[in-house]
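The values are calculated or read from the model by the stated rules, or taken from the named source; none is laboratory data. Predicted, not measured: the structure shown is a model, and the values here were computed from it. Note that each Cβ is placed from the backbone with ideal geometry, even for glycine, and that neighbours are counted across all protein chains shown. Heavy atoms of the whole protein, side chains included, go into the accessibility calculation; ligands, DNA and RNA do not. Shrake-Rupley method; radii C 1.70, N 1.55, O 1.52, S 1.80 Å.
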Amino acid sequence: MVRQLIGQSWVIFRHLDGLLSLSEDDNMAASLQLGRQGVLFGLRLSRFNKCSWLRQPCQDRVRGFFQSPWVLDVGPLKVQMPALSPTMEEGNIVKWLKKEGEAVAAGDALCEIETDKAVVTLESNDDGVLAKILMEEGSRNVRLGTLIALMVEEGQDWKHVEIPPPDAAIPAASDADSASTMTPASPSPSPQPKTVTSGPLRLSPAARHILDTHGIDPKLATPTGPRGLITKEDALNLLKKSPAPKAAPAAMTAAAPIPVPSPVPTPAAPPPPPGSRPNIPPLSVPGKPGGPGTFTEILATNIRRVIAQRLTESKTTIPHAYASIDCDMAAVMKLRKELAKDQIKVSVNDFIIKAAAVTLREMPEVNVTWSDDGPHPLDSIHISVAVATERGLITPIIRDAANKGVQEISATAKVLAQKARDGKLLPEEYQGGSFSISNLGMFGISGFSAVINPPQACILAIGTSRPELRLNEDDQTLRTQQLMTVTLSSDGRLVDDELASRFLDKFRANLEQPQRMALA
């Protein structure tokens, strides 16, 4: 009976499709015929419903047939690892905020992802149900574009969602490790495969690792994955067709019988002298105290790796120039005490941020960045302030600092610093700065030189204030001054020594006379 109903419904669907290609006269006749078949189908279905002994299970089968993805042609919604920062190449899954089977609306938070800058919340772009989590909490080094979860539309059976092949969905580390230990197959007489791919290449992480390890051009592979993706199987098939390395002929000739010379005893290496360290120290066992000469391997986080990469890039590609100056902080200290009487609490760093922003507005030739084409002047003044966190150093941005008051700068800096320590900064809160400030004065550092944050041109290093006796040139008397050393690290391609000196001189004037900043 079920087969008859399905066959009858299929006939009706075919008649509906045929109506679109008929003329008006034929449409009338076809409509009457289709209506008659529909009435007969309804009578059979009502008679079928009266069968109580197979009513419920068969209704479920018919309903499941018409609602199945095979009939509706509806697949799962893929949730992939997105690029949450311009320099992000991979991320870590910190925590899932939704469970499998839970309804998800567009804009709902799905999970927390640790990028190379901070921990960012991934929001859903679609409505539906979270069907399957492919990357569990704690998954590390997940490449961009990797499938991390699957969603289905509301009303679909999320428990039986079809999971894509592992090569295109989950780039497991074990696949890469196993691929790296594979040996190339014996050389075959097949000719070199021709290039079959065109346009931008799309490779799975396992395929990329195999091809890079053996030095094979990815354009020679024939993609079989979705949307032209080169999978692990494609890379392995290409590896079998490629010629073997040069060491293969030597192995073939070794099969011939050749006389084996008698083994010559080799002299044993002399033992190391007592007290000397081994060339390669052994790895210590986790959970046990390390012995002498051992070391403990500590995995670097994404943020630490990116910091190391950018510091190396800065010091090797940017010609750093340094200039220092001492600023008298007496006026700022006095103004802070007066504001504290009115319950307005601001820090010395807030005055420094304001003075740097005002100086950049007075000298726009310093407010530039370096690009491949050369200097790039900036229209906005966004100050990046270095904040030390457990994950590493990050620079949240105080936007349009020149037009903000010191009190507003103080409130913004406190909020951004707390969000940075909690790892809750949004991408727009730490991207796009034009000038950086790093202050180590609270740690008692008298002065230091900071590394430029590319593509910016300068960074200002602030030391602690210290009392010093200075000779007053007016009356030739000694007086105590609160001096603070400021060091400017500048990109020699953009800011030469003369321009850096003028910038520091004007910065000192603005800081020593805070009223200038209100008039500038």
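Find out how many positive minus negative residues lie around Glu153, taking Lys and Arg as positive, Asp and Glu as negative, among other residues whose Cβ is under 9 Å from that of Glu153. Working shown, then result.
Numbers: positive: none; negative: Asp126, Asp127, Glu154.
For residues surrounding Glu153, the net value is -3.
Could you give the distance between the Cα centres of the range 91-131 and the range 387-453, to the whole Å? Going from one Cα centre to the other spans 28 Å. Computed from backbone phi with θ = phi - 60° and the Karplus coefficients 6.51, -1.76 and 1.60, the 3J(HN,Hα) list for the range 496-502 is 7, 5, 5, 5, 5, 5, 5 Hz; x is used for glycine and proline. Under a 5 Å amide H to amide H cut-off, with H placed in plane at 1.01 Å, what residues pair with Gln80 once short-range neighbours are removed? Residues meeting the criterion, in which the H sits 1.01 Å from N, are Ile148. Here the calculated FRET efficiency for Lys219 and Ser449, from their Cβ-Cβ distance with R0 = 56 Å, stands at 0.75, rounded to the nearest 0.05.
Please give me the summed charge of the neighbours of Ser434: other residues whose Cβ is under 14 Å from its Cβ, Lys and Arg +1, Asp and Glu -1. Provide the component values of the computation, followed by the final result.
On the way: positive: Arg361, Arg399; negative: Glu365, Asp379, Asp400, Asp491.
Counting the neighbours of Ser434, the net charge comes to -2.
Sequentially through the range 431-447, phi angles give Karplus couplings (6.51, -1.76, 1.60; θ = phi - 60°) of 10, x, x, 10, 7, 10, 10, 10, 10, 10, x, 5, 9, x, 7, 6, x Hz, Gly and Pro residues having no value and appearing as x. The length gained by stretching the chain between Asn125 and Leu478 to full extension, at 0.36 nm per residue less their Cα-Cα distance, is 120.3 nm.
Leaving out ligands and nucleic acids, and using a 1.4 Å probe, what accessible area per residue does the range 329-437 come to in Å²?
Details: 5290 Å² over 109 residues.
Counting only protein heavy atoms, the per-residue value for the range 329-437 is 49 Å².
Relative contact order of the range 399-520: 17 percent, from C-alpha pairs under 8 Å at least 6 residues apart in sequence. The residues of the range 455-520 present an accessible area of 50 Å² per residue when probed at 1.4 Å with all protein chains retained. Ligands, DNA and RNA left out, the accessible area of the range 326-466 computed with a 1.4 Å probe is 54% carbon and sulfur. Given R0 = 22 Å, the distance between the Cβ atoms of Ser324 and Glu512 translates into a calculated FRET efficiency of 0.85. Using the Karplus relation 6.51 cos²θ - 1.76 cosθ + 1.60 with θ = phi - 60°, the per-residue 3J(HN,Hα) values for the range 337-350 come to 5, 5, 5, 5, 5, 9, 6, 10, 9, 10, 9, 5, 5, 5 Hz, with x marking Gly and Pro.
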